[in-house]
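Report on the following structure.
The values are calculated or read from the model by the stated rules, or taken from the named source; none is laboratory data. Small disclaimer: the values here were computed from a predicted structure and weren't measured. All Cβ positions, glycine included, derive from the backbone under ideal geometry; neighbour counts span all protein chains shown.
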Amino acid sequence: MTKFRSVSLTFTLIFISLIAVAQEKGIVPQQILRQIVQGMPKGEKQEVRVLTAEFQPGERTVLHSHRYPVTVYVLEGEFTLEADGRASQTVKAGHAMIMPTHVKMTGYNRSSSEPLRVVAFYVSDPDTPFLDPIH
């Protein structure tokens, strides 16, 4: 536990220092998304992954679910998420969303001409698959 606190304190100090330096230079971080989520890993160690994906016009993901929340930030185009029991949700470039856990879903690029580029942020227990395909 002491090692965890030490790492947490170090991360916090670095983060505060970066904000202070950014503010000195006139750089003000802009919040894109703030949301309380459930289901984050609770083990002693977590694995953080940052992934990118490109969807050509009309492409979609396989039907799948996630064990932990996934944050998607849209760099270019529009990302549409269809999840069981929920209304379809579309996120445009410059915006983000958090995908739910343990829900059947698929993500689309509904455009017939424009590509879609996203960044996904995922925190999980080490070596947990990013997604679980549903057959």
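Restricting HIS102, HIS95 to those that are over 14 Å from the mean Cα position of the chain (by Cα), at pLDDT 90 or above and over 15 Å from VAL123 (Cβ atoms) reduces the list to HIS102.
Filter the range 105-127 down to residues that are touching a residue at least 60 places away in the same chain (Cβ under 8 Å) and over 12 Å from the mean Cα position of the chain (by Cα) and give me whichever is surrounded by the most Cβ atoms within 10 Å (Cβ to Cβ). Result: LEU116. Residues in the range 90-103 that are in contact (Cβ under 8 Å) with a residue 40 or more places away in the chain and surrounded by 14 or more Cβ atoms within 10 Å (Cβ to Cβ): HIS95, ALA96, MET97, ILE98, THR101. Flag set for PRO57, criterion: modelled with pLDDT of 95 or more and in a loop (DSSP other than H, G, I, E, B).
Among the residues making up the range 34-64, a single one is surrounded by 13 or more Cβ atoms within 10 Å (Cβ to Cβ) and over 23 Å from ASP132 (Cα atoms): PRO57.
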